[in-house]
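A.B. asks: This is the structure I have questions about; it appears just below.
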Amino acid sequence: MAFKNKEMSETEVFDRIKGGDEKALEYLYKKYYRMMTKLVISNSGTEDEARDIYQDALVVFWQKCTSGNLVMTSKISTYIYSICQNLWRKELERKKRLSNEEKDMPVVLDTDTAEREKIIAACINELGETCKKVLTYYYFDELSMQDIADKMGFANTDTAKTKKYKCKKKLDELIKSKYSELDFLD
Amino acid sequence: MTTEQDISLIEDYLANRLSDAEKEAFEVRLKTDKSFSEAYSFQQAVIKGIQNARIAELKAMLNQVPVGSSSISSTAIKAIVGVSITAVISTISYFVFVYPNSEEVKSSAIEEVLVPKAENQTEATEVVGATENKNISTQHETEPPSIQQNIAENKIEKRKKAANNEIKEGKVVEPKIEIFDPLAEDGQATEEPMLEDKPEEDVFTKSNTLKTEVQPKDRRHSFHYQIEGDQLKLYGPFEKELYEVLEFFSNDKRTAFLYYNRTYYSLAANSAIAELKPVMDPKLIQKLEQYRKNQ
């Protein structure tokens, strides 16, 4: 594995993640695993919950970095630690709320939402790799058209825009072809 | 039919790219325009689906990264491994150096089981009755002595000396097969027929190896006893009445009784302080009475 024996500086890690380097994210994940999971475990969380919270925090960090919306003024670990703290606090509040609701009313599983997410995930997987990447860059990483064009090797931003439009249209039609639009109404 | 402009507007709203005024107008339209509201729900679900798919992909990637357990530190793992290795080495060393004749011990143990019962009974009688059976002794003298056998022999020898018995030293004693257990008072003791079939002198030998100490002022133990090695401690008002300790030996096992206030009490050889319980078996009481009279 890359970076196995190599220590990276804070700036290097940040720059690599900003550039979408997944290996740098893996490096970061491994480096702070114990520190971050300990936060949750020592606050009445299980190891599974701790891992989940840490991964969610890293995803948030990744998204902030790649979208260019983050300027680091502290250590990366401090920043991720604060995200973990917030996420775990929210989770504890959610659990507490859920526990109180359970006392008052029977639990209703939101099977419709779960089913809907499954449908969309299946349709995304049916797209080609290029479309998948373009849509992910645009809707998840929030990259600019220029960045998408650069990453995908498109001639210019207009090509990137057209490609994004076509891919999105294809996905919408794919989903609609399989399921009625009414299925998505809340 | 959703227009391209509507989709673009919905995307801008979801990405928080609209101004406050645009946002307000958007939310009013959501409430009034049903088809626009449907389009919004659809676009929101699709975009969320794209984001969730990427999150799932990243998390799946992170799950593949090997990380140590957070609950056990690497130092702790090293310590556990170290202790385990030491324990294994110690165990192997113990059996290699302390029990170099383990094979002999095993074979000896097997032979002990295979020895006919009648022969063992003869041997047992020989030990307690202080009569020699040269054939059996010779047979065992040819066998290589094991550590276990030596320890057992030493224990018996010490007891024999203390009891001033006439048993000769160095004699190999067959391990016990059947031992008289007077504590088995339920009337179904397997040793009971042996007592009836044999003369009592062949089964028992009596001596005074226990050193008795009375503890009259113990608040927690009013009528108790404790045997530690050759030390007998009696807890209770034993200084007021006379008491008598009767000891019997069958092979290497000592059986002791306390006679106090016209009642017999069993004295089991346990190191913990135990309550004195009277002997209830009439046959055993009769035998003990007989012994006391013959004293």
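A.B. asks: Is it the case that B:Phe223 is open to solvent by less than 20 Å² (accessible area, probe 1.4 Å) and on the phi < 0 side of the Ramachandran plot? So that I can check it myself, show each step before the final result.
C.D. replies: Working: open to solvent by less than 20 Å² (accessible area, probe 1.4 Å): no; on the phi < 0 side of the Ramachandran plot: yes.
Here the answer is no, as B:Phe223 does not meet what is asked.
A.B. asks: Looking at A:Ile83 and the list (1) open to solvent by less than 70 Å² (accessible area, probe 1.4 Å); (2) of a type in the set (A, V, I, L, M, F, W, C); (3) facing chain B (nearest Cβ under 10 Å); (4) over 20 Å from A:Tyr137 (Cα atoms), which single condition is not satisfied?
C.D. replies: Status for A:Ile83: all satisfied but (3).
A.B. asks: Determine whether A:Met8 is open to solvent by 70 Å² or more (accessible area, probe 1.4 Å) and either aliphatic (A, V, I, L, M) or modelled with pLDDT of 95 or more (or both).
C.D. replies: Details: open to solvent by 70 Å² or more (accessible area, probe 1.4 Å): no; either aliphatic (A, V, I, L, M) or modelled with pLDDT of 95 or more (or both): yes.
No: the conditions fail for A:Met8.
A.B. asks: Considering only the stretch B:203-215, how many residues are open to solvent by 50 Å² or more (accessible area, probe 1.4 Å) and at pLDDT 80 or above? Write out each step before concluding.
C.D. replies: Of all residues in the stretch B:203-215, those open to solvent by 50 Å² or more (accessible area, probe 1.4 Å) come to B:206, B:208, B:211-213, B:215.
From what is left, the residues that are at pLDDT 80 or above are B:211-213, B:215.
Residues meeting the conditions: 4.
A.B. asks: So in the stretch B:235-271, with the set limited to residues that are of a type in the set (Gly, Ala, Ser) and free of Cβ contacts under 8 Å to residues at least 60 places away in the same chain, which one is surrounded by the fewest Cβ atoms within 10 Å (Cβ to Cβ)?
C.D. replies: Taking the stretch B:235-271 and keeping what is of a type in the set (Gly, Ala, Ser), we get B:236, B:250, B:256, B:266, B:268-269, B:271.
Adding the requirement that they be free of Cβ contacts under 8 Å to residues at least 60 places away in the same chain leaves B:236, B:256, B:269, B:271.
On the way: B:Gly236: 18, B:Ala256: 20, B:Ala269: 13, B:Ser271: 9.
Among them, the one singled out is B:Ser271.
A.B. asks: The conditions are (1) open to solvent by less than 50 Å² (accessible area, probe 1.4 Å); (2) away from every other protein chain (no Cβ under 14 Å); (3) closer than 30 Å to A:Ser9 by Cα, and A:Asp147 fails exactly one of them. Which is it?
C.D. replies: If we test A:Asp147 against (1) open to solvent by less than 50 Å² (accessible area, probe 1.4 Å); (2) away from every other protein chain (no Cβ under 14 Å); (3) closer than 30 Å to A:Ser9 by Cα, just (1) comes out false.
A.B. asks: Follow-up question, since we're still on this one. Among the residues of the stretch A:45-69, how many are without any contact (Cβ under 8 Å) to a residue 12 or more places away in the chain, away from every other protein chain (no Cβ under 11 Å) and in a loop (DSSP other than H, G, I, E, B)?
C.D. replies: 0
A.B. asks: Sticking with this structure for a sec: Take the conditions modelled with pLDDT under 90, over 30 Å from A:Asp147 (Cβ atoms) and surrounded by fewer than 19 Cβ atoms within 10 Å (Cβ to Cβ) and apply them to A:Lys103. Does it pass?
C.D. replies: Working: modelled with pLDDT under 90: yes; over 30 Å from A:Asp147 (Cβ atoms): yes; surrounded by fewer than 19 Cβ atoms within 10 Å (Cβ to Cβ): yes.
Here the answer is yes, as A:Lys103 does meet what is asked.
A.B. asks: Say we look at the stretch B:16-37 and pick out the residues that are open to solvent by less than 50 Å² (accessible area, probe 1.4 Å) and either more than 21 Å from A:Tyr139 (Cα to Cα) or modelled with pLDDT under 90 (or both); which of these is nearest to the chain's Cα centre (by Cα)?
C.D. replies: B:Leu30
The values are calculated or read from the model by the stated rules, or taken from the named source; none is laboratory data. Keep in mind that what you see is a predicted model, and the values were worked out from it rather than measured. Don't worry about glycine lacking a Cβ; one is built from the backbone with ideal geometry, like all the others, and counts go over all protein chains shown. For accessibility, only protein heavy atoms count, side chains too; no ligands or nucleic acids. Shrake-Rupley method; radii C 1.70, N 1.55, O 1.52, S 1.80 Å.
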